[in-house]
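Accompanying notes for the structure given below.
The values are calculated or read from the model by the stated rules, or taken from the named source; none is laboratory data. As the structure is a computational prediction, the values presented were derived from the model and not from experiment. A quick note on method: Cβ atoms are made from the backbone with ideal geometry, for glycine too, and the neighbour counts reach across all protein chains shown.
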Amino acid sequence: MTTTPPPQHDDMGRRSQLWPPAAIDVPRALAWLTKPLMPLVERYGRKVQRRGPRGFAPSDILLPTGYRAELVAAGLSAPVMTTFGPDGAAYVVESGHKVDDPPGIRRVDIRGPDGGAAGESRAASVAGDDLARIHSFTGADWVETGAVTGAVFVGDALIVTNTDRVVRIEPDGTVRTIVDALPGRGDHQANHPLLGPDGKVYFGVGSVTNAGVVGSDNAAYGWLKDNPGAHDVPARDVVLAGRNYDDRDVLGDLKTSVRTGAFVPFGTETVPGQVIPGNVKASGAILRCEPDGSALEVVAWGLRNPYGLAFAPDGRLFATEHGMDNRSERHIVGDFDDLYLIEEGRWYGWPDFASGIRLDDPRWGEGGQGREPVLAEFPESDPPMPIVSFPPHAAANGLAISPGGAFGFVGQAFVALFGDLAPITTPRLATPVGFKVVRVDLEERSILDFAVNRIQGPASKLPHDGFERPSHCTFGPDGSLYVTDFGEIDIAPERAGIRVQAGSGSLWRIRRDLSEPAGVAPPPPIEVPFHAAQYAAWAGLIAAAIAGAAWILRRLVRR
């Protein structure tokens, strides 16, 4: 599959979605419906434990000729990123996000018993509790609605991003926070750290909200009650248009409503011309600092959720960005996930632009609401356009750029597409989107599948044992591509919408098999309308329940 910039590929974003554009805002509905029940849900629902093994079949992952998939480690809980230490071992970050196991970092020896590369037999011996946990985050360091999102070595020290802070773990186990008070206790957190060619640590900080305004959809995600003062923070001073949005008072009486503006806490109104001060600890921004946390500065801002970062061999910085969800009083329908070239000091348009296009532009169609600008003045009149855009809700996560060598594709990017969260973020998808690794030619601005499941979609929901949810990819010291697989996600109101199945995550390796010539793309996967079938099944269950209730009622009336 190839793409061109978003104004020209409207059909690509819509062909896998069910229309018309009007949507049920599932997070807001969950917040309203579960508020009276939350005391019971929190008391009893959280006792539900979800843990279980899953199958792994590397042959269920389709690759170009000349490449092979192998399972390196299994039994991981919500892993999000892998980095490599000076000892050559892989260090996998377990996030702790809505899962029963605490976040931490596990060391995986990628060498086999003879010192060579590990294969499938090695994976069984390093599964679950056998993996060496070098650090755990517990107590106040574990924010279940947040996440420990990544780590990178700087010398022998490990720099870790944890929800709203950056911590440094020394070789002797000493832990200290080097950057704190980041706006990471909302919808998104501080994301994957990266060591730059200048020796500084780079990391993204996602937006607190979907589109700049705190609403009842944020209550459904579990953080608004615990952090009622949370809101988005611009990196530079911004002037507001004074637009406010009505919503149910999910922090008080649901029968009443409140009005909330942009860049302010829930229930706070704004006025035209109001100035919101900028702060280096901004949301929706890419930041950098020295390895000791000093000299914190803004690299770029106006990015909804800059997730994966990677430097090209020529020093250019690239970042993936998660597009807007179909929720809240302010959103568009069909927003793309993007890959951007990051230019220092630039504003990329959020919350009034998406994929470089204004929210009120007719190219977005008629879906969504509250699309007028919340800013009275744009920091830039023409924000940068993305290098490429991925289908809406594919969830472009971790990013790696090939160093070349035997693996090939030098200077090209590999992106882990985590996959959609229908019906939480989008209720209209017919066929699963994402759940694979794609290759991006940065010069041609094209996207090709690289590692895809035999059947498009997650292993837990379909008859295959390939990827569940690829979250990150990186090249190891052996030149192979390592893919961190987050594991299984289930719909669960007691965990603020979703719960992650502990022990269902894994680490895969894709290596070059020199016995065959290298291909450029895998065979096409089988696509099935899985989500459409789900919706049909739910509709059938609801209809059956209604028919059953009517039958019982008729029997009672006859008596």
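Residues in segment 298-309 include none that are in the same structural domain as Arg358 (by TED's automatic domain parsing), hydrophobic (A, V, I, L, M, F, W, C) and farther than 28 Å from Ala396 by Cα.
Taken together, Val208, Val201, Val233 contain a single residue that is over 25 Å from Pro79 (Cα atoms) and hydrophobic (A, V, I, L, M, F, W, C), which is Val233. The set of residues in segment 342-358 that are within 30 Å of Leu448 (Cβ to Cβ) and in contact (Cβ under 8 Å) with a residue 60 or more places away in the chain comprises Trp350, Ser355, Gly356, Ile357. Within segment 343-358, does at least one residue satisfy the condition of being modelled with pLDDT of 95 or more, surrounded by fewer than 24 Cβ atoms within 10 Å (Cβ to Cβ) and among the aliphatic types (A, V, I, L, M)? Yes, there is a match, as at least one residue in segment 343-358 is modelled with pLDDT of 95 or more, surrounded by fewer than 24 Cβ atoms within 10 Å (Cβ to Cβ) and among the aliphatic types (A, V, I, L, M).
Taken residue by residue, segment 491-506 has at least one member that is among the hydroxyl-bearing types (Ser, Thr, Tyr), buried (at least 19 other Cβ atoms within 10 Å of the Cβ), under 26 Å from Gly308 (Cα atoms) and modelled with pLDDT under 95. When Lys255 is tested against (1) at pLDDT below 95; (2) in a loop (DSSP other than H, G, I, E, B); (3) crowded, with 20+ Cβ neighbours inside 10 Å, just one condition goes unmet, and that condition is (3).
Restricting attention to segment 263-316, and to residues there that are of a type in the set (D, E, K, R) and farther than 19 Å from Val239 by Cα, which single residue is surrounded by the fewest Cβ atoms within 10 Å (Cβ to Cβ)?
It comes out as Asp314.
Per the listing Asp247, Asp217, the residue uniquely assigned to a strand (DSSP E or B) and either buried (at least 24 other Cβ atoms within 10 Å of the Cβ) or touching a helix residue (DSSP H, G or I) at 6+ places or on another chain (Cβ under 6 Å) (or both) is Asp247. For segment 225-247, the criterion of a residue being in contact with a Pro (Cβ under 6 Å, 6 or more places away or on another chain) and on the phi > 0 side of the Ramachandran plot is satisfied by at least one position. For segment 84-120, filtered to residues that are aliphatic (A, V, I, L, M) and modelled with pLDDT of 90 or more, the residue that is surrounded by the fewest Cβ atoms within 10 Å (Cβ to Cβ) is Ala89.
Going by the structure shown, is Asp187 assigned by TED's automatic domain parsing to the domain that holds Gly398, buried (at least 20 other Cβ atoms within 10 Å of the Cβ) and in contact with a Phe, Trp or Tyr (Cβ under 9 Å, 6 or more places away or on another chain)? Criteria met by Asp187.
Considering only residues that are among the small types (Gly, Ala, Ser) and either modelled with pLDDT under 95 or not in a strand (DSSP E or B) (or both), which ones fall in segment 56-72? Before you say what the answer is, go through the steps one by one.
Taking segment 56-72 as the starting set, the residues that turn out to be among the small types (Gly, Ala, Ser) are 57, 59, 66, 69.
Result: Ala57, Ser59, Gly66.
Counting only strands (runs of 3 or more DSSP E) that fall entirely inside segment 263-326 and contain at least 2 residues that are in contact with a Cys (Cβ under 8 Å, 6 or more places away or on another chain), no element qualifies. For segment 442-490, a residue qualifies if it is within 17 Å of Ala422 (Cα to Cα), among the basic types (Lys, Arg) and surrounded by fewer than 24 Cβ atoms within 10 Å (Cβ to Cβ), and exactly one does: Lys461. Could you check, for segment 383-392, whether at least one of its residues is over 23 Å from Gln189 (Cα atoms), out of contact with any Lys or Arg (no Cβ under 7 Å at 6 or more places or on another chain) and not hydroxyl-bearing (Ser, Thr, Tyr)? Yes, segment 383-392 contains at least one residue that is over 23 Å from Gln189 (Cα atoms), out of contact with any Lys or Arg (no Cβ under 7 Å at 6 or more places or on another chain) and not hydroxyl-bearing (Ser, Thr, Tyr). Annotation note: of Tyr245, Tyr202, Tyr221, the sole residue that is touching a residue at least 60 places away in the same chain (Cβ under 8 Å) and more than 30 Å from Ile159 (Cα to Cα) is Tyr245.
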